[in-house]
Amino acid sequence: LFLRDGGLKEELAVQLSFYGFEVEKPESLDALESAAAANFTRALVLDASMLLSDEETLERVSSIKERCSDRLRIVYVSERDDFDTRLLAVRSGGEAFLSAPVDVPRLIDKVDNLTTPISEEPYHVLIVDDDMEQVSYHAMILQQAGMITSVVSDPENMFGILIESKPELILMDMYMPGCSGVELATIIRQQEAFVDIPIVFLSIETDAEKQMQAVSRGGDGFLSKPIKPEHLVTTVTNRVERTRSMRFYMERDSLTGLLNHTHLIQNLSKEIQRAERVGRPVCFAMIDIDHFKQVNDTYGHLTGDRVLKSLARHLQESLRKTDIVGRYGGEEFGIVLFNVDADNAVRVMDKVRKEFSAIVHEAGDAKFSVTFSCGIASYPAFDGPGPIGEAADRALYSAKDQGRNKVVAT
């Protein structure tokens, strides 16, 4: 934190520490330079007025950013919010800009987002084509670029592969025996679970009108065969990156960064379909923070928001990467545990419950702890997102009736 406003600096230091950040407050440019040189990702929260009033600060900050660009993220706060100030901030390496009065939770979110490692998971592409020679050729190109590929040669097998492999883009031939690519794209778009997967047609078709017709029936783009390998890789990369970015913001709850209610239930539905296909169990756990209204009434809504974010982060850190975590609504959260039966789900969630209850939260001079209650239901005992959600909700209310701070399965 390199700020002139001592009050803001101290408030940020306390709240960032609450979220697990290590905070330093260098008092000089030399100290700032030493801190920035550390060999791990850092966020620098900097007062933009320092750039405007001191050319040396501008030059030093720009130099620091240039040397440490791969591990230094700069967030500017400013009393002035005009074009020249923002331009100066960008030129000196700023990646975020917040004008006064500073919204502290928003600033913490910016720091969190900028310092959280970006997912390096490879792109997953589904190739749909009856010509296995073409399939092998295009799969090889994409795999050499670091992508994962799945293949469908018979359109009738499409949905099993879609459910199991969860592709991020479908590369589809237009002309296949028994079912054209356009017809198959239309069938895919009629199912809500798959409406957001980009479909790019890859075909020898050169008629522009037919290409446009294909796109209008559910496609997102058209590539003509033969295609240069670098053109294929670039097209797929750009499309998947854009889809990932859009999907993240559309699917996420703005406060916690978890899946929102709609997309949590959509993912639950997909996992149940997947479980049915491969014969595995799925559990759905519903969490409700105990006496959350009292937290808001006693310590304020800002503290309540911090508790919600703390639980969200704890769930993400405690569970498997394959587990799906979302904000169900208010102080309720939902977790989808694939290939986990009810007994093991109870053990997992009870461990999470005990760990969370040991976390100490702060509000000014006050310190307090918070607990949660949890209800669990499982597939195949309950079939479908509706029945399993209702059963988990009943189990949650049972946990509350038994005194709260419990995990109950039904």
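What the table below lists for this structure:
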{"item": "Of the criteria (1) over 29 Å from Gln402 (Cα atoms); (2) free of Cβ contacts under 8 Å to residues at least 24 places away in the same chain; (3) within 16 Å of the chain's Cα centre (by Cα), which one Asp323 fails", "result": "(1)"}
{"item": "Residue that is farthest from Leu44 (Cα to Cα), among those in the range 124-149 that are open to solvent by less than 40 Å² (accessible area, probe 1.4 Å) and in a loop (DSSP other than H, G, I, E, B)", "result": "Asp129"}
{"item": "Count of residues meeting criterion [over 17 Å from Val125 (Cβ atoms), in a helix (DSSP H, G or I), open to solvent by 30 Å² or more (accessible area, probe 1.4 Å) and at pLDDT below 85] in the range 154-208", "result": "2"}
{"item": "Residues of the range 251-264 classified as assigned to a loop (DSSP other than H, G, I, E, B), modelled with pLDDT of 90 or more and either of a type in the set (A, V, I, L, M) or over 18 Å from the mean Cα position of the chain (by Cα) (or both), total", "result": "1"}
{"item": "Residue pairs meeting the criteria (Cβ under 9 Å; at least 6 apart or on separate chains; first on the phi > 0 side of the Ramachandran plot, in the range 282-311; second basic (Lys, Arg))", "result": "His291/Arg404"}
{"item": "Subset tally (residues that are open to solvent by 70 Å² or more (accessible area, probe 1.4 Å) and either aromatic (Phe, Trp, Tyr) or closer than 23 Å to Val340 by Cα (or both)) for the range 229-261", "result": "3"}
{"item": "Conditions (1) free of Cβ contacts under 8 Å to residues at least 24 places away in the same chain; (2) more than 20 Å from Arg306 (Cβ to Cβ); (3) of a type in the set (A, V, I, L, M, F, W, C); number of the one not met by Ala13", "result": "(2)"}
{"item": "Flag if Asn267 is in contact (Cβ under 8 Å) with a residue 12 or more places away in the chain, in a helix (DSSP H, G or I) and open to solvent by 20 Å² or more (accessible area, probe 1.4 Å)", "result": "yes"}
{"item": "Residue satisfying condition, being over 30 Å from Glu164 (Cβ atoms), out of contact with any strand residue (DSSP E or B) (no Cβ under 6 Å at 6 or more places or on another chain) and open to solvent by 10 Å² or more (accessible area, probe 1.4 Å), within set Arg306, Arg320", "result": "Arg306"}
{"item": "Answer residue from the range 88-146, given it is without any contact (Cβ under 8 Å) to a residue 24 or more places away in the chain and touching a helix residue (DSSP H, G or I) at 6+ places or on another chain (Cβ under 7 Å) and is nearest to Leu72 (Cα to Cα) among those", "result": "Glu95"}
{"item": "Matching residues, the range 226-250, being over 18 Å from the mean Cα position of the chain (by Cα) and either on the phi > 0 side of the Ramachandran plot or β-branched (Val, Ile, Thr) (or both)", "result": "Ile227, Val233, Thr234, Thr235, Val236, Thr237"}
{"item": "Of residues in the range 1-28 being in a helix (DSSP H, G or I) and within 27 Å of the chain's Cα centre (by Cα), the one surrounded by the most Cβ atoms within 10 Å (Cβ to Cβ)", "result": "Leu12"}
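The values are calculated or read from the model by the stated rules, or taken from the named source; none is laboratory data. What you are looking at is a predicted structure, and each value in this text was computed from that prediction instead of being measured. Cβ atoms come from the backbone with ideal geometry, glycine included; neighbour counts cover every protein chain shown. Heads up: the accessible areas ignore ligands, DNA and RNA and are worked out on the full protein's heavy atoms, side chains in. Shrake-Rupley method; radii C 1.70, N 1.55, O 1.52, S 1.80 Å.
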